[in-house]
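Please read the structure below before turning to the comments.
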Amino acid sequence: MSDLRDVSASSATTSGQRESLSAGIALQLAHRLNRPVGAVDRARARLHLLDWLACVVAGSVEPGAAEPRRLAALEGAGPCRVIRGASCGPQAAALANGPAGALLEMDDVDRRGLLHPGPVVFPAVLAAADAAGVVDGVQILDAAVRGYEAMIRVGRAVGPGHASRFHVTATCGGFGAAAGAASVLGLDALQTAWALGNAGQQAFGLWQVRHEPVFTKALHDGRAAANGLAAAFLARDGYAGPLGIFEGPHGFFHGLCPDGAPEAMLDGGEAWAIHEVSFKPHAACRHAHAAIDAVLELRERVARRALQRLRIGVYGDALTFCDRPSPHTPGEAKFSLQHAAAVAWLHGDADLSRFTLEAIADPAVSVLRGRVELFRDSGCDDRYPAHFGAVAEAVLDDGAVLRVEAPDALGDPEKPMDAAALIAKAHALFAWGGMTHGDAEALVSAALSLGEEASMADVWACAPSEAKGE
C-alpha cells in the first residue's frame with residue numbers, strides 16, 4: 001500500500017514541490033522544450049517529415065514490416081493511421097509505423113548522438129495527434145521539433161560506453177517520443193518531465209541485434225515510439241514519473257551510461273537541434289556514407305584506368321559496424337563497407353537496387369568486394385563523431401595510387417542536400433514502395449505545405465493505407 005500512496009502523493013505535486021524540484025535535469029529540459037518554435041524550424045521539420053514518409057512508404061513493402069502491422073491490428077480498430085495498415089490505437093500505430101521507417105537504413109541521423117530521430121519521433125507524434133484529434137500542422141511540426149530536441153540532447157550526453165553496448169536510438173528514443181507527444185497534448189513542464197521520467201524507466205535496446213540476421217533493430221524504433229507515447233498520455237492524466245530519471249542514484253545515466261554526462265543535456269544555445277540532423281542519400285548504414293562519397297569522387301578521377309584494389313580508411317566505429325567482407329543478406333550488405341565501396345565503384349551510385357540479393361550475388365560485385373581493403377585512419381578517428389569522414393585510395397594496375405578524402409558525408413550540415421535532392425530521394429523511395437508518380441507528387445506537396453495549405457489529414461489522405469487497398 002505504501003507504493004500506491006507514494007504515487008498518489010507525487011501525482012498531486014503541489015506548487016511548492018514543483019519549485020523544489022526545479023533543479024532536476026528532467027524538469028529543466030522540459031522547460032527548454034516548451035520554448036517557442038519558429039517558422040524556420042517548422043520548415044526544417046517539413047523536410048524531415050517528407051524524408052520519414054518516404055522511408056516508411058518504401059520500408060512498408062520490405063521484409064520485417066508486415067509483422068508489426070499484424071500485431072497492431074490485433075489491438076483492434078482505433079483513430080490512428082498506419083502506413084499500409086489498418087487504423088488502430090495509438091501505441092499500436094506507433095509500434096507499427098516505427099520499424100518501417102528504419103528498415104531500409106535511409107532514415108535521418110544525428111552524428112553526435114549516434115541516433116536516428118525520424119522513425120521514432122514521427123510515429124509517436126502522429127499517433128498522439130490522431131488519438132487527440134489534432135490535425136493542425138503547426139502544432140504537429142512544433143511537436144516534432146521538440147521530440148527531436150529531447151532525443152538528441154540525451155543521445156549526445158550518454159557517452160561512448162553506452163553507445164558501445166546499447167542501440168542509442170532505442171535507449172534515447174523514448175525520451176524523444178515522450179517529448180513530442182507531450183507537445184501535441186499541450187502538457188506543461190512538470191507533466192512533460194513526468195513523461196520523460198516514465199519513458200526513461202522503459203529504456204532498452206541491446207546490441208545483440210547486430211550479430212544475428214533479425215529485424216529487431218528496426219523494431220526498437222517502434223517500441224521506443226510506443227513507450228514514449230504512452231508515458232505522455234499517462235502524464236496528461238496525472239500519472240507521475242521519476243523527476244530524477246537522468247541524474248538520480250538509480251537513474252538512466254548511473255544505470256546505463258558509465259561515462260555519460262547528464263548535465264551536458266542542458267548545454268548549448270537556443271537553436272533547435274533538428275537543424276544539425278543529417279539526411280542520408282545512400283541506401284547503407286551512415287558509417288558507410290563518407291566512404292561511398294569518396295569512392296564516387298575517386299571513380300570520376302580514375303576514369304578508364306584499370307583498378308587493382310580499393311583501400312578505404314575510416315574511424316573505429318565504422319569498422320566495428322561495417323567491416324563485413326562477405327554479406328549474405330540485404331541487411332548485411334547495408335552494413336558492409338566492402339559491398340558499399342564495390343557497388344559505388346562499379347555502378348556510380350549506392351541506391352536501393354545495389355543492396356538486393358541479386359546485387360550481392362553479382363559476380364563482378366563479389367570479385368571487387370574481395371579487393372577492398374579497410375584500415376583505421378587516425379585523422380577520421382580524431383574528428384569522429386563530430387564528423388563522419390573517410391578516405392578512399394585507388395591502387396591502379398600501373399602502380400599509381402590516387403587518394404580522395406571525404407571529411408563529411410553528403411547530407412551532413414557541412415555538405416547539405418538541398419530541397420530538390422531531398423524531393424528526388426523521396427520520389428525514389430515512393431516508387432520503391434509502389435506509389436505512382438502522381439500519388440507521390442501529391443504526398444510531397446502535402447508534406448511540404450503542412451501547416452500552411454495542408455493539414456495532417458491532407459497528408460494522410462495521400463499516403464498508402466489498407467483502407468485504400470494499398
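Hey, residue 263 hits all of (1) within 25 Å of the chain's Cα centre (by Cα); (2) more than 24 Å from residue 353 (Cα to Cα); (3) of a type in the set (D, E, K, R); (4) in a loop (DSSP other than H, G, I, E, B) but one; which does it fall short on?
(4)
Any idea how many residues of the range 396-413 are under 18 Å from residue 373 (Cα atoms) and crowded, with 21+ Cβ neighbours inside 10 Å?
Looking only at that region, the number is 1.
Does the range 235-242 contain any residue that is without any contact (Cβ under 8 Å) to a residue 24 or more places away in the chain and closer than 20 Å to residue 166 by Cα?
Scanning the range 235-242, I find no residue that is without any contact (Cβ under 8 Å) to a residue 24 or more places away in the chain and closer than 20 Å to residue 166 by Cα, so the answer is no.
Quick one: in the range 222-240, which of the residues that are open to solvent by 10 Å² or more (accessible area, probe 1.4 Å) and over 19 Å from the mean Cα position of the chain (by Cα) is nearest to residue 170 (Cα to Cα)?
230
Could you say which residue among 416, 407 is under 19 Å from residue 344 (Cα atoms) and modelled with pLDDT of 95 or more?
The conditions single out 407.
What pairs can you find where one residue is in the range 324-350 and at positive phi, the other is surrounded by fewer than 24 Cβ atoms within 10 Å (Cβ to Cβ) and in a helix (DSSP H, G or I), and their Cβ atoms are less than 8 Å apart, with a gap of 6+ or different chains?
Here the result reads 348/296; 348/299, each pair linking the range 324-350 to a residue that is surrounded by fewer than 24 Cβ atoms within 10 Å (Cβ to Cβ) and in a helix (DSSP H, G or I).
Based on this model, can you work out whether residue 153 counts as surrounded by 24 or more Cβ atoms within 10 Å (Cβ to Cβ), touching a Leu at 6+ places or on another chain (Cβ under 6 Å) and in contact (Cβ under 8 Å) with a residue 40 or more places away in the chain?
No, not satisfied.
Hey, any hits in the range 279-295 for a residue that's surrounded by fewer than 24 Cβ atoms within 10 Å (Cβ to Cβ), among the acidic types (Asp, Glu) and either modelled with pLDDT of 95 or more or over 19 Å from the mean Cα position of the chain (by Cα) (or both)?
There is no residue in the range 279-295 that is surrounded by fewer than 24 Cβ atoms within 10 Å (Cβ to Cβ), among the acidic types (Asp, Glu) and either modelled with pLDDT of 95 or more or over 19 Å from the mean Cα position of the chain (by Cα) (or both).
Please give the helices (runs of 4 or more DSSP H) falling wholly within the range 299-373 in which 3 or more residues are crowded, with 24+ Cβ neighbours inside 10 Å and not charged (D, E, K, R).
337-347
So which of 124, 96 ends up being modelled with pLDDT of 95 or more, closer than 21 Å to residue 183 by Cα and crowded, with 24+ Cβ neighbours inside 10 Å?
So the residue among 124, 96 that is modelled with pLDDT of 95 or more, closer than 21 Å to residue 183 by Cα and crowded, with 24+ Cβ neighbours inside 10 Å is 124.
Residue-wise test of (1) outside any helix (DSSP H, G or I); (2) closer than 30 Å to residue 131 by Cα.
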residue: 420; (1), (2): no, no
residue: 423; (1), (2): no, yes
residue: 441; (1), (2): no, yes
residue: 452; (1), (2): yes, yes
residue: 458; (1), (2): no, yes
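The values are calculated or read from the model by the stated rules, or taken from the named source; none is laboratory data. Since this is a predicted model, take the numbers as computed values, not measurements. Methodologically, a virtual Cβ is constructed for each residue, glycine included, from the backbone with ideal geometry; neighbour enumeration extends over all protein chains shown. SASA here: full protein model, heavy atoms, side chains in, ligands and nucleic acids out. Shrake-Rupley method; radii C 1.70, N 1.55, O 1.52, S 1.80 Å.
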